[in-house]
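Take a look at the structure below.
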Amino acid sequence: MVVNEMAASTASRHFVIIGGGPGGTACATHAARLGAKVTLIEKDIVGGAAHLLDCIPSKAMIATGSAMSMMNDATEMGLAKVDVVLDFEALGRRVEDIENRLETTLTELLVSQGVRIIEGVGRMVGTHEVEVTTSAEDGSQSTELITGDVIVVSTGSRPRIPDWANVDGDRVLSTRHAYPPPRLPDHLIVVGSGVTGVEFVHMFNSFGSNVTLIVSRQQVLPEKDPEVAAVLEQTFLDRGVDLFMGARAESIEQTDTGVEVRCDDGRVARGSHVLLAIGSIPNSQGLGLEEIGVEMSSGYVQIDHNCRSTVPHLYAAGDVSGKLPLSSVATMQGRKIAEHAMGLHANSPHRHIDYDKAASAIFTNPEIADVGVAEADAFAEGRKIRVTKVPFSMSAKALINNDSRGFVKIVSDPATGVVMGGSIVGRHAAELISVLALAISANLTVKDLVESLFVHPALAEVLGEAAE
Ligand SMILES: Cc1cc2nc3c(=O)[nH]c(=O)nc-3n(C[C@H](O)[C@H](O)[C@H](O)COP(=O)(O)OP(=O)(O)OC[C@H]3O[C@@H](n4cnc5c(N)ncnc54)[C@H](O)[C@@H]3O)c2cc1C
C-alpha cells in the first residue's frame, strides 16, 4: 500500500540511465515498475559487458569445457568411452546465440515496461542534462538533449592493460578477446591469478590447451581463504598447468612461433598466446562527471550507502561505483537506486546494501564460492568465531555424481550461533552458496540450518551437516 502511494507521488520522475548493463537495466525495470518514466542510453548491447563480454560468455564456454571433462570421465559413470572433440566454430555460435537470446529477452522486457531505449553514447552536459550522440549507418552523427530528474551512471569497466603489453587481439589477448579467441591456443599463458585469471586457466585447460599461469604472489586467488586456494592450486598442478609462483610479468614479446612473457625474477614463459587478466578500470572518462561536481576517486564515482554521488540526484551503479565488481551487486544497486529515488525509503523500512554479505563464485572445477566473514580474516582481526567443516566425501549425492572433492565450511558466532560466513569448494558450489547467503542475510543460526529439511540425496545436505 505504502509502495503504491509513494509510487503515485513520484510517478512523474524521469530516470535517465547511462549504460545498459546489469546495473542500468535493473534500475530501469525497477523504476518503471514503480511508475517512473525511464530512458536508457546504451552504446553497444542491452545487457552490457556482462552479457556480451564477461560473465555470460565466460560461463557458457566453461560449461562446454565441463561437458567435455564429464564425457572424458564417462567410463567412471558406467558408460563406454567416446572421444569428444571440441568444435571451436560451434562453440563460437553457441556463445553468440546465448548472448543474442539474453539481449532479446531483456530488450523485450524493458520495452514492455515502457522504457525508452536509445542506442547511443551519453554524457553529462549539465547536472540534469544528458547529451546523447547516435551514429547512423552512413557514419553521420546526431545529438539529442535529454533532461532527467534522476540520473544513473552505470557505464561499467574495461580490462586494465599495462603499458608493457601490446594487446592485438590475435596472440596477445585481453579478457575481451577470449569468447572465443580467433583460434584455440596450443599453449596459453595467463597473466593474473585472480578470479578471472583462474577461470580462464580452467576453461582453456579443459579445452585441451597447455596453460601456464603467472601468479604474482605465493598463492593463486590471493584474496581468498588459503585453504580454498590450495585446493585449486593442487587441481591445476594435477591437470598439468604450469604455475609460475611469485613472478610478475614485465614484458611480452611476439616471436615467429608465439609469445614470450618475461617476469621480474628472470623467468620466461613461452607459449602460443598470452591473456591478460589483471583487473579492470572504470568507464568514466568523457562522461562530464567532474565538470558537474561529481566527486571521483581513481575514476570511480564516489557514492554513499544509497548509491548517491555528491550530486544528490545523480546515482552510480555497478563497476563504475568502485564497489564489488559483480553483476549481482550491480543489479542490486540498480534496484536500490530505483527504490531510493522513488522515495520508498521514506515510508518503509529500507535495507542498504551490505557489500560484505555478497556471495561470489569462481567457476573452476571444482567450483569455489564464498560469502560473508572468511575464517582467515576473522582470525587476523582477532574475532571470536566457530568454524565447522564437512567434506563432500560424506555425501551420498557426491558419490552418485562421481565427484566427492571439496568441502563446506561454515563460520558462525560461538555465542549466538548466527551464521557469519561460509566457503564451499565442490560441484555446484555456486548454487549451494545461496543457502548460506540467505542464512546470513536473514540472520539465521546454525540451528536453523540443522533443522531445515533438505532433499535427500542432495549436496545441500552437507550444509546441514557442516552447521552441526
Ligand atoms: C571475464 C569476466 C567474467 C566475469 N564473470 C562474472 C560472473 O560470473 N558473475 C558476476 O557477478 N560478475 C562477473 N564479472 C563482473 C561483471 O561482468 C561486472 O561486474 C558487471 O558487468 C558490471 O555491470 P555494470 O552494469 O556495471 O556494467 P557493464 O556490464 O560493463 O555494462 C555497462 C554498459 O554501459 C555501456 N556504456 C559505457 N559507457 C557508455 C556511454 N557513455 N553511453 C552509453 N552506454 C555506455 C557499455 O556499452 C555497457 O554495455 C565478470 C567480469 C569479467 C571481466
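The values are calculated or read from the model by the stated rules, or taken from the named source; none is laboratory data. No experiment lies behind these values; they were computed from the predicted model shown. All Cβ positions, glycine included, derive from the backbone under ideal geometry; neighbour counts span all protein chains shown.
Assorted remarks:
- Criterion violated by E108 - all others in (1) closer than 30 Å to I146 by Cα; (2) away from the ligand (no atom under 16 Å from the Cβ); (3) touching a residue at least 24 places away in the same chain (Cβ under 8 Å) satisfied: (3)
- Options R171, R176; residue that is closer than 16 Å to A269 by Cβ and either touching a residue at least 40 places away in the same chain (Cβ under 8 Å) or among the aromatic types (F, W, Y) (or both): R171
- For the stretch 99-117, filtered to residues that are part of a helix (DSSP H, G or I) and aliphatic (A, V, I, L, M), the residue that is farthest from I17 (Cα to Cα) is L102.
- Every condition in (1) in contact with a helix residue (DSSP H, G or I) (Cβ under 9 Å, 6 or more places away or on another chain); (2) in a loop (DSSP other than H, G, I, E, B); (3) more than 19 Å from G148 (Cα to Cα); (4) not aromatic (F, W, Y) holds for D256 except the one numbered (1).
- Scanning the stretch 198-227 for residues that are out of contact with any Leu (no Cβ under 7 Å at 6 or more places or on another chain) and assigned to a helix (DSSP H, G or I) turns up E199, H202, M203, N205, S206, P226, E227.
- Sole residue being farther than 24 Å from A442 by Cα and touching a residue at least 40 places away in the same chain (Cβ under 8 Å), chosen from G382, G406: G406
- Residue match in the stretch 234-246 (condition: assigned to a helix (DSSP H, G or I) and among the β-branched types (V, I, T)): yes
- Near pairs, Cβ below 9 angstrom, 6+ apart or cross-chain, from the stretch 307-326 (near the ligand (Cβ under 6 Å from one of its atoms)) to any residue that is of a type in the set (D, E) and in a helix (DSSP H, G or I): P325/D319; L326/D319
- The numbered conditions (1) of a type in the set (A, V, I, L, M, F, W, C); (2) closer than 27 Å to E89 by Cβ; (3) exposed (fewer than 15 other Cβ atoms within 10 Å of the Cβ) are all true for F204 except (3).
- Within the option set S272, S284, being touching a strand residue (DSSP E or B) at 6+ places or on another chain (Cβ under 6 Å), surrounded by 14 or more Cβ atoms within 10 Å (Cβ to Cβ) and small (G, A, S) holds for one residue only, S272.
- Positions within the stretch 31-71 being of a type in the set (S, T, N, Q) and more than 8 Å from the ligand (Cβ to nearest atom), in sequence order: T39, T64, S66, S69
- Leading residue by the ranking (nearest to the chain's Cα centre (by Cα)) among those in the stretch 445-463 that are crowded, with 19+ Cβ neighbours inside 10 Å and without any contact (Cβ under 8 Å) to a residue 40 or more places away in the chain: A460
- From E129, E103, residue being surrounded by 16 or more Cβ atoms within 10 Å (Cβ to Cβ), in the same structural domain as I45 (by TED's automatic domain parsing) and out of contact with any strand residue (DSSP E or B) (no Cβ under 9 Å at 6 or more places or on another chain): E103
- Every residue from the stretch 249-269 that is surrounded by 15 or more Cβ atoms within 10 Å (Cβ to Cβ) and either of a type outside the set (A, V, I, L, M) or within 25 Å of the chain's Cα centre (by Cα) (or both): A249, G258, E260, R262, C263
- Residue within the stretch 340-352 that is within 11 Å of the ligand (Cβ to nearest atom) and over 18 Å from D225 (Cβ atoms) present: no
- So Q285, is it modelled with pLDDT of 95 or more, under 15 Å from Y355 (Cα atoms) and within 11 Å of the ligand (Cβ to nearest atom): no
- Listing of strands (runs of 3 or more DSSP E) fully contained in the stretch 344-442 that carry 2 or more residues being more than 17 Å from V195 (Cβ to Cβ) and in contact with a Leu (Cβ under 9 Å, 6 or more places away or on another chain): 407-412, 419-425
- Complete set of residues in the stretch 366-378 that are out of contact with any Gly (no Cβ under 8 Å at 6 or more places or on another chain) and over 12 Å from L436 (Cβ atoms): I368, A376, D377
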